[in-house]
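The values are calculated or read from the model by the stated rules, or taken from the named source; none is laboratory data. Note that the structure is predicted; figures quoted are calculated from it, not measured. Every residue, glycine among them, receives a Cβ derived from its backbone with ideal geometry; neighbour counts consider all protein chains shown.
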Amino acid sequence: MKLLKTLLATAVAVSAVPAMAYEAGDIMVKVGAVQVTPKDGNADTSPVTTIKVGAPDKSELDIDSDTQLGLTLTYMVTPKIGVEVLAATPFEHTAEIDGGGADGAEILTTKHLPPTVSAQYYFMDSASPIQPYVGLGVNHTFFFDEDDTGVINSKGLKPSWGLAYSLGVNYDINEDWLINAAVWKMDIDTEVKGGDADGLEVEIDPTVLFVGVGYKFGL
C-alpha cells in the first residue's frame, strides 16, 4: 500500500509540471505567405524627369508590393533566446514614376531576395502556448533579372545591407505544431546603376508581413 501511495504521488507531481514548450536546441521551421510592401516615395526622380520634359517637373519613384512563399528557420539557443533566418521565393517589383509629366511611366522591373538573420527574445514562460517575441537582425538584399523599360536606361540596382526589426507571436497548437504571425521593418537602401539616373538613391524600407504554420522539434 505504501508503494502504491508513493507511485500515485509521483504521478500527480509529474503531471503537475507543465511540458517545456521551448528548450535550448529546439528548431522551428515555419512556412507561409510573406508580403513585402515598400514605403511610399522611394526616390526623388525630379532631376531625371526634368531633363526628359525640358522643364521643372516634380516627381518621385514608387515601388509596388509583392507576396511570395516565405520560410523561417529558428534555433533556440536558450528557452528565451532564438536565432532566426528568414528566406523566401524571389519577390518581383515594378518601379514607376509618380507625378509630373511622366506620371505612371514604368521605368524598371526587378526581382530580389532579402535573406535576414535575427536574434530573438521570447517574453513568456517557456511552457506558455502563446509566445510573443521581438527581434533585431541584419538584412542583405540583392537584385537580379532587372528589366529597364528605356525611360532612364539603367543597369539595375546595387545590393543593400541594413538592419531589420521584428515583432511576432507563436501560438503552440501542441508540442510539435504552431501558428505564427510576424512583421519586420527593414532598412533597404540602394542606388541606380548607370543610365540617366546613375547614383539615384532609392529608399525601399519595406514592411514585411508573414503568416504561416510551423513545426518544432529538438536535436
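On the stretch given as segment 37-77, residues that are at pLDDT 95 or above, among the aliphatic types (A, V, I, L, M) and over 20 Å from Val213 (Cβ atoms) total 1. If you check Phe91 against the conditions, is it within 12 Å of the chain's Cα centre (by Cα) and not hydroxyl-bearing (Ser, Thr, Tyr)? So Phe91 fits the description; yes.
Among the residues of this structure, Phe217 does not count as one that is crowded, with 22+ Cβ neighbours inside 10 Å and among the aromatic types (Phe, Trp, Tyr). All told, Ala164 meets the bar of being buried (at least 18 other Cβ atoms within 10 Å of the Cβ) and at pLDDT 95 or above.
Looking only at residues of segment 10-22 that are surrounded by 14 or more Cβ atoms within 10 Å (Cβ to Cβ) and either over 27 Å from Ala181 (Cα atoms) or modelled with pLDDT of 65 or more (or both), we find that the one that is nearest to the chain's Cα centre (by Cα) is Tyr22. Before we move on, is Tyr122 surrounded by 18 or more Cβ atoms within 10 Å (Cβ to Cβ) and among the aromatic types (Phe, Trp, Tyr)? Yes: the conditions hold for Tyr122. When Ser154, Ser128 are checked against the criterion of being over 24 Å from Thr78 (Cα atoms), modelled with pLDDT under 95 and assigned to a loop (DSSP other than H, G, I, E, B), Ser154 stands alone in meeting it.
Contact annotation: residue pairs with Cβ atoms under 7 Å, 6 or more positions apart or on different chains, pairing a residue in segment 97-123 that is free of Cβ contacts under 8 Å to residues at least 60 places away in the same chain and among the aromatic types (Phe, Trp, Tyr) with a partner that is buried (at least 20 other Cβ atoms within 10 Å of the Cβ) and assigned to a strand (DSSP E or B), are Tyr121/Tyr133; Phe123/Tyr133. Could you tell me whether any residue of segment 39-47 is out of contact with any Lys or Arg (no Cβ under 7 Å at 6 or more places or on another chain), basic (Lys, Arg), surrounded by fewer than 22 Cβ atoms within 10 Å (Cβ to Cβ) and assigned to a strand (DSSP E or B)? There is no residue in segment 39-47 that is out of contact with any Lys or Arg (no Cβ under 7 Å at 6 or more places or on another chain), basic (Lys, Arg), surrounded by fewer than 22 Cβ atoms within 10 Å (Cβ to Cβ) and assigned to a strand (DSSP E or B). There is at least one residue in segment 78-89 that is hydroxyl-bearing (Ser, Thr, Tyr), at pLDDT 90 or above and loosely packed, with under 15 Cβ neighbours inside 10 Å.
In segment 157-176, the residue that is farthest from Val83 (Cα to Cα) out of those that are part of a strand (DSSP E or B) and either out of contact with any strand residue (DSSP E or B) (no Cβ under 6 Å at 6 or more places or on another chain) or without any contact (Cβ under 8 Å) to a residue 24 or more places away in the chain (or both) is Trp161.
Of all the residues in segment 193-219, those that are more than 18 Å from Lys30 (Cβ to Cβ) and over 23 Å from the mean Cα position of the chain (by Cα) number 8.
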